Amino acid sequence: MKDTKWLALLHSRRGKLLAFACILLLACIGIYALSHSNTAKKGAQATTDAAVQAYTLERKDMYRHVSMSGETVPIAQVDLSTKYAGKIASVDVQLGDYVEPGQVLLTQDPTDTSLTLQQDQAALQQAQAESTAAEAQFSSDLQKARIDYETAKMNYNRYVILKSEGAISQKDLDTVYQALIVAQSTLQNLESQNLGDIPATIAAKQAAQAKAGYVVDSLSQQLGDLTIRAPRAGVISYRNAEVGAMVPANTKVLTVTDTSGIYIDCPLSETDVAAIHMGMDVTVSIESLAQTYAGVITYVSPAMDPTTKTYMVRITLTQPDGALRGGMFAQSGVDVLQRAQTLYVPKDALLELNGVSSAYVILPDNTIQIRQVKTGLRNDAYVEILDGLSVGDRIAVTNTARLKDGSHVTIEKET
């Protein structure tokens with residue numbers, strides 16, 4: 001009985017082992033078939049030609065593109081401020097109004113200044129009258145002094161004769177002589193007080209008159225400054241003034257912006273600014289307007305900005321229109337000649353490793369030859385070839401990661 005049970009158990013274990021062995025065998029067969037299938041697929045892919053775009057070398061002018069960007073700036077933006085403190089009497093413009101040169105924009109109350117001006121005008125008239133009176137008085141005094149001197153001189157000469165004849169005493173002669181000296185002194189005093197050709201008393205009155213005139217002129221100018229006029233044509237882009245408000249001196253109240261001219265200031269690096277010169281024609285793109293405008297470079301900074309380490313280049317639009325406003329983002333650029341009639345290739349076509357540059361040359365049988373080249377000038381898109389390639393050579397410019405010496409390629413496009 002025990003032997004029978006033992007044999008049954010043995011047969012059961014063998015069955016399980018046999019089933020497990022069959023399953024393992026089937027798994028190995030599946031793995032083998034799958035791996036050989038992938039290897040076959042890889043082999044099939046390896047035998048497929050790489051599709052590339054070809055670039056044929058020829059001698060052409062090599063250009064570099066210099067990009068410029070900045071913001072539009074109106075040709076003029078003038079802030080207008082009060083010169084003197086005072087009350088605003090009238091504001092004749094609104095925000096957005098177009099104004100002409102000389103147009104009255106704002107007026108401050110002129111009452112106090114007008115009264116002061118009237119007082120000073122009266123003072124000027126008084127000074128003029130005093131100056132005229134002083135001239136007349138001096139002329140009269142001088143004429144009288146000359147007559148008195150001549151009279152005293154004649155009397156003295158007559159008394160000298162009378163004294164010699166014994167008709168008068170020495171005392172009488174001395175009295176006449178003293179009168180002559182007084183008359184002479186008075187005349188000399190009047191004749192010796194000139195400042196240049198003008199007597200001092202008259203010069204003093206004329207100076208007082210001139211001073212009063214300057215005060216009147218100053219107040220007249222101040223009265224005129226209470227009226228603010230447009231310095232040029234433009235649009236009122238800022239207004240901070242209301243009738244009746246008291247404003248201190250030097251308060252900004254209005255701004256006139258002239259958009260009849262627009263320019264763009266563009267910062268450029270040292271490398272880029274070397275290729276730019278005044279007078280170059282450019283095209284400017286305003287993204288917000290989806291429009292382009294013709295422009296010309298009118299200024300190239302002669303010195304680097306020490307803060308930004310850039311050079312400023314100004315582009316002036318030749319025909320701006322009313323759609324343009326200050327602060328709009330603008331882009332432009334110029335193509336500058338790097339080398340005339342040279343060989344160059346797209347920079348992505350070169351393999352550069354450890355300082356060595358190589359190109360994927362497509363031979364006549366459409367196989368690849370990796371060839372070392374010597375490079376020269378560079379820009380964002382192209383690299384100059386100095387040695388290693390010749391006119392008419394074709395190189396692969398795409399799909400180069402799949403290429404190696406002897407690879408066979410299919411050319412899908414030529415440039």
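Between S301, S192, S269, the residue with the greatest mean-square fluctuation in the GNM of the chain (Cα pairs under 10 Å linked by springs) is S192.
Compare the Cα positions of Q119, N189, V104 along the charge dipole of the range 77-225 (+1 at Cβ of Lys, Arg; -1 at Cβ of Asp, Glu; about the Cα centre) and return the one farthest towards the positive end. The one lying farthest along the dipole's positive direction is N189.
Measuring r between the beta carbons of Q221 and K87 and using R0 = 25 Å, the FRET efficiency lands at 0.80. Rounded to the nearest Hz, the phi-derived 3J(HN,Hα) couplings of the range 166-176 under the Karplus curve 6.51 cos²θ - 1.76 cosθ + 1.60 (θ = phi - 60°) are x, 7, 9, 8, 5, 5, 5, 5, 5, 5, 5, where x marks glycine and proline. For the chain, a simple Cβ point-charge model (Lys and Arg +1, Asp and Glu -1, everything else neutral) yields a dipole of about 3100 debye relative to the Cα centre.
Heavy-atom accessible area for E58, with the other protein chains in place and a 1.4 Å probe, reaches approximately 90 Å².
Ranked by the mean number of other Cβ atoms within 10 Å of their residues, highest first, the peptides 332-340, 394-402 come out as 394-402, 332-340.
Bridgeable aspartates and glutamates around K163 (alpha carbons under 16 Å apart, same-chain partners fewer than 8 residues away excluded): D172, D174. Can you classify the range 179-286 as rounded, prolate or oblate using the Cα gyration tensor, where a ≥ b ≥ c are the square roots of its eigenvalues, rounded means a/c under 1.5, and otherwise it's prolate if a/b beats b/c and oblate if not? It is oblate, given that a/c is not under 1.5 and a/b is not larger than b/c. Amide H contacts under 5 Å for T259: V235, restricted to partners 5 or more places along the chain or on a different chain, H placed in the peptide plane at 1.01 Å from N. Just so you know, the averaged projected area of the alpha carbon convex hull for the range 170-233 sits at 6.8 nm².
Less than 5 angstrom separates the built amide H of I168 from those of K163, all sequence-distant by 5 or more or on a different chain.
Per residue, the solvent-accessible area of the chain (1.4 Å probe, heavy atoms of protein chains only, all protein chains present) comes to 62 Å².
Once R0 is set to 25 Å, what does the formula 1/(1 + (r/R0)^6) return for the Cβ-Cβ distance between Q188 and E135, expressed as a FRET efficiency to the nearest 0.05? About 0.80, to the nearest 0.05.
For the pairs K87/K211; K374/K404; K211/K252; K309/K374; K83/K205; K153/K205, flag any whose C-alpha to C-alpha distance is greater than 26 Å.
Long pairs (Cα-Cα over 26 Å): K87/K211; K211/K252; K309/K374; K83/K205; K153/K205.
Dipole size of the range 266-331 about its Cα centre, with +1 on Lys/Arg Cβ and -1 on Asp/Glu Cβ: approximately 120 debye, rounded to the nearest 20. On the beta carbon distance between S269 and R402, with R0 = 25 Å, the FRET formula returns roughly 0.10. Counting heavy atoms of the protein chains alone, V391 has an accessible area of about 90 Å² for a 1.4 Å probe.
In sequence order, the range 287-298 has phi-based couplings of 5, 5, 9, 6, 9, 10, 9, 7, x, 9, 7, 10 Hz under the Karplus curve 6.51 cos²θ - 1.76 cosθ + 1.60, θ = phi - 60°, and Gly or Pro positions carry x.
If you roll a 1.4 angstrom probe over the protein chains with everything in place, what fraction of the accessible area of the chain belongs to carbon and sulfur, to the nearest %? Roughly 54 percent of what the probe reaches on the chain is carbon or sulfur. For Rg and Dmax of the Cα atoms in Å, the listed values are [x] 52.6, 210; [y] 19.3, 56; [z] 24.6, 79; which was obtained by calculation from the structure presented? Given [x] 52.6, 210; [y] 19.3, 56; [z] 24.6, 79, the calculated one carries the label [x]. Just want to confirm a number: the relative contact order over the range 280-415, from Cα pairs under 8 angstrom separated by 6+ residues, in percent. Relative contact order here is 18 percent. Under 20 Å from a label point set 7 Å out along the Cα-to-Cβ vector of S288, the amide N atoms of the range 73-108 belong to 73-78, 95-98.
Ordered by solvent-accessible area of protein heavy atoms (1.4 Å probe), largest first, the residues M246, M280 come out as M246, M280. Scanning residues 5 or more positions from T227 or on other chains, those with amide H under 5 Å from its amide H are Q108, with H placed 1.01 Å from N in the peptide plane.
The values are calculated or read from the model by the stated rules, or taken from the named source; none is laboratory data. Values in this document were obtained by computation on a predicted structure and should not be read as measured data. Glycine gets a Cβ as well: all are built from the backbone with ideal geometry, and neighbour counts include every protein chain shown. To get the accessible areas, we keep the full protein, side chains included, count just its heavy atoms, and leave off ligands, DNA and RNA. Shrake-Rupley method; radii C 1.70, N 1.55, O 1.52, S 1.80 Å.
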